[in-house]
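Heads up, the thing below is written out as structure tokens.
The values are calculated or read from the model by the stated rules, or taken from the named source; none is laboratory data. A quick note: this is a predicted structure, and the numbers were derived from the prediction, not measured. For neighbour counting, all protein chains shown are included, and Cβ atoms are generated from backbone atoms with ideal geometry for every residue, glycine included. SASA here: full protein model, heavy atoms, side chains in, ligands and nucleic acids out. Shrake-Rupley method; radii C 1.70, N 1.55, O 1.52, S 1.80 Å.
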Amino acid sequence: MIDLLSVNDLYVGYYEDINILQGLSLEAEKEQITAVLGPNGVGKSTLLKTIAGFLEPNSGQIKFKDVPIDGIKPYRAITRGIVYLPQQLTLFQRMSVRENLQLGGWTIRRDKETIDERIEENFERFPILREKQKQSCGNLSGGQQRMVDLGRALMSDPEMILVDEPTAGLAPNLSQQMYGMLTGLKEDGITILLVDQNIRKAIEVSDYIYAVELGKNKTQGAREEFSDVKEVIKDWL
Amino acid sequence: MISGQTLASLLVAAIVRAGLYTLSATGLSLIFGVMNVPNFAHGELYMIGAYIAVFTFSGLNLPPLVAILFAAVGGFIIGAAIEKSIFYPLRKRSERRKLWIMNTFLVTVGLSLLLKNLIQVIAGTKYRGIDHYWQGGLDLAGLSISVDRVVGVGIAIIVVIAFWLFLQKTTVGKAIRATAQDEVGAKVVGINLDNIHTLTFALSAMLASIAGASLLSLNPAYPTMGLMPLFSSWFVVILVGLGNIAAVPVGALIISLIETFAAYGFGSGWQRLFSLALIILILLFKPRGLFGSDVKGIWER
């Protein structure tokens with residue numbers, strides 16, 4: 001059991017004295033999917049933003065591979081191996097699929113060969129993107145845009161991906177596909193921290209689950225312990 | 001009726017003017033697109049370019065192209081210094097970004113006043129022009145055009161094309177466009193926005209500075225010379241759509257044709273009336289400009 005990421009007693013807020021996260025702690029184990037679940041507005045997205053360096057914690061520690069990373073800049077988080085996928089797609093809509101993937105390799109931009117190799121890997125993973133590589137991302141379907149988004153994140157060869165609501169707004173069959181892709185990434189050795197509204201599905205794909213309420217830990221446990229989903233979520237509905 | 005000869009020389013004047021507007025409006029559009037800063041000190045960067053060229057060309061007796069190169073480099077450095085000393089700290093302190101456009105507007109107006117007065121202290125209020133960079137004129141179908149104008153337009157075309165290729169083909173250029181299209185996305189892929197902002201402002205200042213330097217024989221350097229190019233650049237940028245860099249040359253040509261012919265037909269005091277009337281008309285029917293905007297402004301987030 002190796003914890004790749006550990007968050008300890010984290011306090012974060014958008015204003016100095018109003019904390020959204022109030023002493024949250026969690027660990028994400030290497031090459032596993034760890035889910036953070038909870039009702040709207042409990043700070044799940046805030047947690048991912050803070051780990052990715054988009055927000056600075058007011059107090060508490062975040063360690064990645066035993067090195068403190070709280071308060072680092074987003075571009076430093078990437079060079080350490082953490083990539084963040086926000087809920088809203090953040091593709092460069094007026095650029096081609098290929099250009100989007102290229103920019104995903106921004107932190108290794110001097111190594112053109114590796115970038116081309118990884119683009120090729122992405123095309124093998126998502127064959128449809130090879131056909132669409134010259135098209136603007138704005139012209140792709142929602143599902144294809146999700147693929148570019150995920151592909152772009154893989155360009156920096158991350159050890160860990162922070163995923164925020166990957167299936168929000170997707171049709172059921174595409175959702176299913178998305179969870180399949182996340183499981184595939186885990187099998188490729190990538191650690192995933194997943195924030196999701198789709199509680200039932202998230203529990204199904206995750207190895208370990210944290211339930212969060214009002215910025216604090218509520219309960220946690222391995223997937224088997226969360227088999228009775230109804231019991232877990234009855235307070236949230 | 002306008003004679004063929006007059007028409008031809010008006011067209012040439014309009015093309016020279018369009019080259020100048022393209023250079024300076026490209027930078028203005030870029031800053032708005034990438035940083036959401038409406039730069040009302042853009043004319044002063046043009047002015048700085050003209051002064052640098054005057055001092056290197058007639059003061060130090062260096063060759064014309066070297067003078068223009070000095071202006072380009074000087075503009076770049078001054079632009080970078082302005083971004084790092086003014087906009088960078090401002091951005092750090094306005095995380096919420098609600099008032100960003102209004103704040104930066106006021107800051108750039110202040111900066112414009114500051115730069116005008118600073119140059120007045122350094123160089124006085126005198127007009128500092130040059131007769132010409134290069135001797136002589138070219139004969140084009142019976143029409144004599146000074147070499148200065150031809151080279152001025154040539155420089156504008158080369159610089160704009162080079163800049164366009166830089167934005168389209170290089171990784172750093174793509175990062176600049178990416179930042180304009182989706183700032184969060186740029187952060188997600190690990191682009192350091194602080195560096196991109198500084199680079200963008202510096203490049204934009206460089207383009208304005210080159211414009212001021214390359215047409216020195218037509219427009220002598222003086223402290224308030226930046227006002228007219230500032231207005232014209234804004235006309236162009238608003239006409240084609242804020243942040244839409246690709247369409248800037250077209251807009252520049254439209255505005256300069258209108259202004260040149262209006263000045264000829266009704267006197268130079270009236271030229272702005274026509275370009276402004278056109279802008280009002282177009283904005284009434286196409287609020288995002290003729291060709292639409294590339295900017296994902298902060299009001300759309």
Exercise. At what distance in nm do the modelled label points of residue A:66 and residue B:168 sit from each other, each positioned 7 Å from its Cα along Cα→Cβ?
Worked result: 5.2 nm
For this session: Determine the relative contact order of chain B: mean sequence separation of Cα pairs under 8 Å and six or more apart, normalised by residue count, in whole percent.
Result: 37 percent
Problem set entry | Alpha carbon centroid spacing (whole Å) that separates the stretch A:25-57 from the stretch B:168-217 | 33 Å
Seminar exercise, completed: Dividing the mean separation of Cα pairs under 8 Å (6+ apart) by the residue count of the stretch B:3-117 yields a relative contact order in percent of 32 percent
For this session: Using +1 at the Cβ of each Lys and Arg and -1 at the Cβ of each Asp and Glu in the protein assembly as shown, identify which of B:289, A:40, A:180 lies farthest towards the dipole's positive end.
Result: B:289
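Place a +1 charge on the Cβ of each Lys and Arg in the stretch A:16-171 and a -1 charge on the Cβ of each Asp and Glu, then give the dipole magnitude about the Cα centre in debye, rounded to the nearest 20.
Dipole size: approximately 480 debye.
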Exercise. What per residue convex hull volume, in Å³, comes out for the stretch B:83-175 when only alpha-carbon positions are used?
Worked result: 200 Å³
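Starting from the Cα-Cα distance between residue A:187 and residue A:14, subtract it from 0.36 nm times their residue separation and give me the gain in nm to one decimal.
Working: separation 173, 0.36 × 173 = 62.28 nm, distance 3.58 nm.
Full-extension gain reported as 58.7 nm.
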Exercise. With point charges of +1 on the Cβ of Lys and Arg and -1 on the Cβ of Asp and Glu, referenced to the Cα centre of the stretch B:132-236, which listed residue (B:140, B:159, B:229) lies farthest in the positive direction of the dipole?
Worked result: B:159
Problem set entry | Rough spin-label spacing in nm, given labels placed 7 Å along Cα→Cβ, for residue B:284 and residue B:11 | 3.1 nm
Problem set entry | Complex-versus-alone comparison for the stretch B:133-172, residues with a loss of 40 Å² or more in accessible area, probe 1.4 Å | B:171
Exercise. Using a simple spin-label model with points 7 Å from Cα along the Cα→Cβ vector, what separation in nm is obtained for residue B:132 and residue B:101?
Worked result: 4.6 nm
Exercise. Using Cα atoms only, what is the angle between the long axis of helix A:142-154 and the major principal axis of chain A, expressed in degrees (0 to 90) to the nearest 10?
Worked result: 90 degrees
Problem set entry | Helix-only [θ]222 nm of the protein assembly as shown, DSSP H runs n ≥ 4, -39500 (n - 2.57) each, per residue, nearest 500 | -17000 deg cm²/dmol
For this session: Find the accessible area per residue for the stretch B:1-93; the probe is 1.4 Å, ligands and nucleic acids are left out, and the unit is Å².
Result: 37 Å²
For this session: Could you pull out the GluC sites (Glu not before Pro) across the stretch B:22-118 that fall in loop regions by DSSP (anything but H, G, I, E, B) with no more than 13 other Cβ atoms inside 10 Å?
Result: B:95
For this session: Please build a GNM for chain B, connecting alpha carbons under 10 Å apart, and tell me which residue among B:132, B:42, B:197 fluctuates the most.
Result: B:132
Exercise. Which ³J(HN,Hα) values, rounded to whole Hz and listed in residue order, are derived for the stretch A:44-51 from phi using the Karplus coefficients 6.51, -1.76 and 1.60 in 6.51 cos²θ - 1.76 cosθ + 1.60 with θ = phi - 60°, glycine and proline given as x?
Worked result: 5, 5, 4, 4, 5, 4, 5, 4
For this session: Taking chain A as the reference, fit the longest principal axis to its C-alpha atoms, fit the long axis of helix A:172-187 to the helix C-alpha atoms, and give the angle between the two in degrees, 0 to 90, nearest 10.
Result: 90 degrees
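Under the √(5λ) rule applied to the eigenvalues of the Cα gyration tensor, what semi-axes describe the equivalent ellipsoid of chain B? Give them in Å, descending.
Values: eigenvalues 192, 107, 64 Å².
One finds semi-axes of 31, 23, 18 Å for chain B.
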Problem set entry | Drop in accessible area of at least 40 Å² in the complex versus isolated chain, residues of the stretch A:78-102, 1.4 Å probe | A:78, A:90, A:92, A:94, A:95, A:99
For this session: Go from 0 up to the bin containing the longest alpha carbon distance in the stretch A:27-176, width 5 Å each, and give me the % of pairs per bin.
Result: 2, 9, 17, 20, 21, 15, 10, 5, 1, 0
Seminar exercise, completed: Computed over chain A: longest principal axis from alpha-carbon atoms vs helix A:112-125 long axis, angle to nearest 10 degrees, is 70 degrees
For this session: Helix by helix through chain B, keep the DSSP H runs that span 18 Å or more along the axis on Cα and average at least 1.6 on Kyte-Doolittle, and give those back in order.
Result: B:64-82, B:147-169, B:227-240, B:248-266, B:271-285
Problem set entry | Relative intensity, log₁₀ I(q)/I(0), of the protein assembly as shown from a Debye sum that treats every alpha carbon as a point, q = 0.10, 0.12 Å⁻¹ | -0.86, -1.09
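Note down the relative contact order for the stretch A:1-154 as a percent, whole number, built from C-alpha pairs under 8 angstrom at least six residues apart. Provide the component values of the computation, followed by the final result.
Numbers: 222 pairs, mean separation 30.6, N = 154.
For the stretch A:1-154, the relative contact order is 20 percent.
Which entries of A:49/A:218; A:112/B:169; A:73/A:186; B:84/B:116 have Cα-Cα distances beyond 18 Å here? Before the final figure, lay out the partial values.
On the way: A:49/A:218 20 Å; A:112/B:169 14 Å; A:73/A:186 26 Å; B:84/B:116 20 Å.
Too far apart for the 18 Å limit: A:49/A:218; A:73/A:186; B:84/B:116.
Chains A and B: buried accessible surface, both sides, probe 1.4 Å, rounded to 100 Å²? List each step's numbers first, then the result.
Details: alone 11960 and 14120 Å², together 24020 Å².
Interface area, both chains combined: 2100 Å², rounded to the nearest 100.
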Exercise. How much accessible area per residue does the stretch A:88-161 have, in Å², with a 1.4 Å probe?
Worked result: 46 Å²
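How much of the accessible area of the stretch A:46-180, probe 1.4 Å, is carbon plus sulfur, in whole percent?
Here carbon and sulfur together make up 43 percent of the probe-accessible area.
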For this session: Arrange the residues B:164, B:134, B:270, A:106 by how much accessible surface each exposes, largest first, with a 1.4 angstrom probe.
Result: B:270, B:164, B:134, A:106
